[in-house]
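Report on the following structure.
The values are calculated or read from the model by the stated rules, or taken from the named source; none is laboratory data. Since we're looking at a predicted model, the values are computed, not measured. So basically every Cβ, Gly included, is an ideal-geometry build from the backbone, and we count neighbours across all protein chains shown.
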Amino acid sequence: MAVFLIPLLLGFALNGASAFTAAYSRRWGERAGQWVSLLLRNVVGVPLWVIGLGLAVRTPSPTLLTTTPMTGAWGWLMITAGCLIILLALVSLRAPAFMPSTQDTLVRRGLYAHVRHPIYGGVLLEFTGIAMLIPTQAVMVACTLGIGWVFIQARLEELDLLQRMPTYREYMQHVPRFIPRPSRNRPT
């Protein structure tokens, strides 16, 4: 069994469980709901899946694709772009990125004026870049699972945001999930 799958999948599951801020807040109160989401995502979930990805990188496994200087350059470009997108999105979100609340307001500035999930879009770029740089079987499995997890996580988060922010439904109709489109349909 590939040991890297244990922290990777557990991290994805706990990170996914962090997307229920509204439910936690209803059950245990606003402050406790915030702390549960923070702990599940930032303290346990993300560190675990990062450890799983690191273990996948270190796991001896067959190389599935031949790397070239061009694929390496593209891989690094995707990782760098993903990091920059994530940083810009975190600046736009500020505190709610780390400790979501039922009192949060919808952010429509910065990258959030163009896509609903720029952080997850950045993570998609990073997983793709890592797979291009280290195309071993273990890394490809980890990155493929990671890409699938991003789509599930974004959907779970949207279900929570619909409960926490009444204006989110209208925002969803005008702003695409991951890939920007021409600005004519974007809310102002």
Practice prompt. Scan segment 20-34 and report the pairs whose first residue is farther than 20 Å from LEU156 by Cβ and whose second residue is hydroxyl-bearing (Ser, Thr, Tyr) and assigned to a helix (DSSP H, G or I), with Cβ atoms within less than 9 Å and a gap of 6+ or a chain change.
Written response: ARG31/SER25
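Mind checking which residues of segment 1-32 are buried (at least 19 other Cβ atoms within 10 Å of the Cβ) and within 20 Å of the chain's Cα centre (by Cα)? Before the answer, list the steps.
To start, the set of residues in segment 1-32 that are buried (at least 19 other Cβ atoms within 10 Å of the Cβ) comprises 4, 7-8, 11-12, 14-15, 18-22, 24-25.
Residues satisfying the conditions are PHE4, PRO7, LEU8, GLY11, PHE12, LEU14, ASN15, SER18, ALA19, PHE20, THR21, ALA22.
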Worksheet item: How many residues are basic (Lys, Arg) and crowded, with 16+ Cβ neighbours inside 10 Å when one looks only at segment 154-184?
Response: 1
Worksheet entry | Cβ-Cβ under 8 Å pairs, at least 6 apart or on other chains, segment 158-171 side more than 17 Å from SER18 (Cβ to Cβ), far side at pLDDT 95 or above and outside any helix (DSSP H, G or I) | TYR171/ARG116
Worksheet entry | Filtered residue count, segment 115-141, keeping only those that are of a type in the set (A, V, I, L, M), outside any loop (DSSP other than H, G, I, E, B) and within 14 Å of THR63 (Cα to Cα) | 8
